[in-house]
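Asker: Here you go, one structure.
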Amino acid sequence: MHEHYNLKIEKLNNYYIKIFAIVSVVIFLSLSFSIYNEYQHRKDSVLEHAKNSFIKDLMFRKWVSSHGGVYVFPTKETPPNPYLKDIENRDLVTTDGQRLTLMNPAYTLRELMNKFEGMYGAKGHITSLNLLNPNNKPSEWEKKALKKFEDNGELDYYEFLTKDNKEYIYYMHALITKKSCLKCHGKQGYKVGDVRGGISINIPMDKYNNNFYKTVKKIVFIYIIFYFLSILGLYYTYRTLKESIITQERLYVENQRKEEIMLAQSRNAAMGEMISMIAHQWRQPISVIAMWANNIEADVDMEELNEDDCKDYASNILAQTQHLSKTIDDFKNFFRPDKSKEDILIKDVMEDCLSVVEKSLQNNNIKIIKNYDNSTELNIYSRELLQVYINIIKNAKEALLENGVKDAQIVIDIYENKDSVITEIKDNALGIKDDVIVKIFDPYFTTKGVKSGTGLGLYMSKTIIEKHLNGEIEVENIDNGSCFRIIIPKV
Amino acid sequence: MNPEIKELKERVKELNILYCEDEDEMRLGSKLFLSKFFVSVDDASDGKEGLDKFKQKKYQVVFTDIMMPNMDGLEMLKNINELDKDTFTVTLTASEASEEKIKRASDLYFRKPITYENMITVMKEIVNKFNL
């Protein structure tokens, strides 16, 4: 995998780990908040229940109190209240002899509470620190609550407590002494506004806890689904993005491979070109050697062979072999693998190129005019530049021959400015047609027909100059010909 | 030793020969070879010089290279054929291009390097051509 895309995927991974963490934390917090809300709601509703119970008791008590108590038939459950024995008219007899006894508010309420306790889930108890009826005596918790009312002036107090493994809310509300109370409680020394006692309400939490647990279960279930969907969504977008990065990379690699193939193709084409040039360069010395051999044969056949001539022929042949040997060096230099950059003068690269192509130009009556003004060495892959030069000069040669130009010439100017070294290769081959010049650097564009042109020469030249040498290559028509300009930056 | 060669030489030696070749080494070696068969061998280093020489003297046989500066072999042959279509022309070239054109332009055509047998063939063709 390519480095750049590895980094991209790493970035994506980090990004998604962060999003995942944030989403998880947010969802967890939100869940916690919801559960907390439910918990509060449980407390609030049970408290409301307790308060309502209290109010109901209070109202009932008020009603009894507002009538100054009620008279009922004395029964087993409702005997005359012994704690009211000092009250006048506690017991009445109607004119037809029916006995009635007075029930004071606390008495009625206690009966209500005892008889109907738990009917609404709430169990009430009316009590006081200062009792008329010792049966109404407060529990330890009620004492604590009553104390709080007396000491702190609070009107209610509650606690959640567990009794016999069951949770209850213990709620107590103060009863404030009113004028109507004094009928029965007057002699206990209360004044209006005093805390006279309280009503405690006791509600089991089962129902509320069950509701709470059910709701929490529901919430947790919904959150799990939501969390799962979020992660699914994240995973889906993650996969999509990763896929697109991988696709990008694949395209990049494909593109790179395509470019490598093109480079190889153009290398091969250049090599083919070179081989034909070698053939050309070798043909002449071999022909000369053959001719000296022919001379020897003729001398033998004509019986004119003599030692001096023989020596002469041999030395001529040897001279040609030296020439051949030198050409091998030239080409070996050209085919040398270009693994490392070297410091080299651009004009020397051009000279290397001309040593290879000059012969073929001369043979075709093409004059080469060189104007070099170049003294700055550049650190480049010189073989690649050489390939570009050969390409352009070969194209110029072909254009000159195709157009049958008289006084054909190629002018090579190499000069420098502050930032770059510039090579201009100009011919007088009548210029390039407008529709060709715009496509001249396109891959697989050729004017030479499939047989002789690959259409890669100038495309690869452009690639080499722009991508490998960070330079520029441009072409324009000039008087009677075209000019290729190669600008290579000094740094 | 081939006694046939000596006989060939005797038959062709009186002909005037013009040889055009721009490569000095090639011209030297070939001219020497031709001189072993022909008494009179003139040489030229390009097509223009060759045509000039042809205009000044009667040559029965012209040997020429194709790729030469100033005027190439094809153009020179065209001019020579216009001047004297009986001239026997032999092309000796390294060029791989326009083979058909070259074959049409000359009586005999050989690719360099030229073998001894090629040259003997040339001599025999000359004998036939001029009924020597």
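The values are calculated or read from the model by the stated rules, or taken from the named source; none is laboratory data. Keep in mind that this is a model prediction, so the values were computed, not measured. Note that each Cβ is placed from the backbone with ideal geometry, even for glycine, and that neighbours are counted across all protein chains shown.
Asker: Got a number for residues in the range A:365-417 being at pLDDT 90 or above, more than 17 Å from A:Val349 (Cα to Cα) and within 52 Å of the chain's Cα centre (by Cα)?
Answerer: 1
Asker: Now for a different question. Search the range A:208-225 for residues that are under 19 Å from A:Lys43 (Cα atoms) and pair each with any residue that is surrounded by 11 or more Cβ atoms within 10 Å (Cβ to Cβ) when their beta-carbon atoms are under 6 Å apart and the residues are at least 6 apart or on different chains.
Answerer: A:Tyr208/A:Arg42; A:Tyr208/A:Val46; A:Phe212/A:Glu38; A:Phe212/A:Arg42; A:Thr215/A:Glu38; A:Val216/A:Ile35; A:Val216/A:Glu38; A:Ile219/A:Ser34
Asker: Could you check how many residues of the range B:27-53 are more than 13 Å from chain A (Cβ to nearest Cβ), under 12 Å from the mean Cα position of the chain (by Cα) and closer than 22 Å to B:Val127 by Cβ?
Answerer: Adding up the residues that qualify gives 2.
Asker: Pick from the range B:70-88 the residues that are over 18 Å from B:Tyr109 (Cα atoms) and not in a helix (DSSP H, G or I): which of them is farthest from the chain's Cα centre (by Cα)?
Answerer: B:Asn70
Asker: Just to be sure, is B:Leu132 over 22 Å from A:Ile289 (Cα atoms) and either among the aromatic types (Phe, Trp, Tyr) or assigned to a loop (DSSP other than H, G, I, E, B) (or both)?
Answerer: Answer is yes for this residue.
Asker: Tally the residues that are of a type in the set (Val, Ile, Thr), modelled with pLDDT of 90 or more and either farther than 24 Å from B:Lys6 by Cα or surrounded by 17 or more Cβ atoms within 10 Å (Cβ to Cβ) (or both), restricting the search to the range A:274-307.
Answerer: 4
Asker: Please work out which residue is modelled with the highest pLDDT, limiting yourself to the range A:178-208 and to residues that are touching a helix residue (DSSP H, G or I) at 6+ places or on another chain (Cβ under 7 Å) and among the polar types (S, T, N, Q).
Answerer: So the residue we want is A:Ser200.
Asker: Just wondering, is there one or more residues in the range B:77-92 that are over 19 Å from B:Lys129 (Cα atoms), touching a residue at least 12 places away in the same chain (Cβ under 8 Å) and in contact with a strand residue (DSSP E or B) (Cβ under 7 Å, 6 or more places away or on another chain)?
Answerer: Scanning the range B:77-92, I find no residue that is over 19 Å from B:Lys129 (Cα atoms), touching a residue at least 12 places away in the same chain (Cβ under 8 Å) and in contact with a strand residue (DSSP E or B) (Cβ under 7 Å, 6 or more places away or on another chain), so the answer is no.
Asker: Identify the residue in the range A:290-313 that is at the interface with chain B (Cβ under 7 Å from one of its Cβ atoms) and closer than 18 Å to A:Leu324 by Cα and, among all such residues, is nearest to the chain's Cα centre (by Cα).
Answerer: Looking at the filtered set, the residue picked out is A:Ala290.
Asker: For the range B:79-98, which residues satisfy the criterion of being within 14 Å of chain A (Cβ to nearest Cβ) and farther than 15 Å from B:Ile126 by Cβ?
Answerer: The answer is B:Thr93, B:Ala94, B:Ser95, B:Glu96, B:Ala97, B:Ser98.
Asker: Next question. Output the residues belonging to the range B:54-63 that are among the hydrophobic types (A, V, I, L, M, F, W, C), free of Cβ contacts under 8 Å to residues at least 60 places away in the same chain and away from chain A (no Cβ under 14 Å).
Answerer: B:Phe54, B:Val62
So that you can scan it fast, the table gives a plain yes or no per residue for (1) surrounded by 13 or more Cβ atoms within 10 Å (Cβ to Cβ); (2) over 30 Å from B:Met68 (Cβ atoms); (3) touching a Gly at 6+ places or on another chain (Cβ under 8 Å):
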position	(1), (2), (3)
A:Leu401	yes, no, no
A:Val405	yes, no, no
A:Gln409	yes, no, no
A:Glu416	yes, yes, no
A:Ile425	yes, no, no
A:Leu430	yes, no, yes
A:Tyr459	yes, yes, no
A:Asp479	no, no, no
A:Ser482	yes, no, yes
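Asker: Looking at A:Lys148 and the list (1) assigned to a helix (DSSP H, G or I); (2) touching a residue at least 12 places away in the same chain (Cβ under 8 Å), which single condition is not satisfied?
Answerer: Going through the list (1) assigned to a helix (DSSP H, G or I); (2) touching a residue at least 12 places away in the same chain (Cβ under 8 Å), A:Lys148 breaks only (2).
Asker: Would it be correct to say that A:Leu102 is in a loop (DSSP other than H, G, I, E, B), among the hydrophobic types (A, V, I, L, M, F, W, C), surrounded by 14 or more Cβ atoms within 10 Å (Cβ to Cβ) and touching a Lys or Arg at 6+ places or on another chain (Cβ under 9 Å)?
Answerer: no
Asker: So, one more: Being over 23 Å from A:Asp312 (Cα atoms), assigned to a helix (DSSP H, G or I) and out of contact with any Phe, Trp or Tyr (no Cβ under 8 Å at 6 or more places or on another chain) narrows it down to one of B:Phe54, B:Phe33, so name that one.
Answerer: B:Phe54
Asker: Select, from B:Ile5, B:Ile66, the only residue that is touching a helix residue (DSSP H, G or I) at 6+ places or on another chain (Cβ under 7 Å), within 11 Å of another protein chain (Cβ to nearest Cβ), within 26 Å of A:Glu398 (Cβ to Cβ) and buried (at least 20 other Cβ atoms within 10 Å of the Cβ).
Answerer: Being touching a helix residue (DSSP H, G or I) at 6+ places or on another chain (Cβ under 7 Å), within 11 Å of another protein chain (Cβ to nearest Cβ), within 26 Å of A:Glu398 (Cβ to Cβ) and buried (at least 20 other Cβ atoms within 10 Å of the Cβ) holds for just one of B:Ile5, B:Ile66, which is B:Ile66.
Asker: Let me ask something else. Within the range B:8-23, restricting attention to residues that are surrounded by fewer than 18 Cβ atoms within 10 Å (Cβ to Cβ) and in contact (Cβ under 8 Å) with a residue 12 or more places away in the chain, which residue is farthest from the other protein chains (Cβ to nearest Cβ)?
Answerer: Out of the qualifying residues, it is B:Asn16.
Asker: Something else now. Of the numbered conditions (1) at negative phi; (2) in contact (Cβ under 8 Å) with a residue 40 or more places away in the chain, A:Gly69 satisfies every one except a single condition; which is it?
Answerer: Every listed condition holds for A:Gly69 apart from (1).
Asker: While we're on this one: So, of the residues in the range A:243-267 that are in contact (Cβ under 8 Å) with a residue 60 or more places away in the chain and of a type in the set (S, T, N, Q), which turns out to be surrounded by the fewest Cβ atoms within 10 Å (Cβ to Cβ)?
Answerer: A:Gln248
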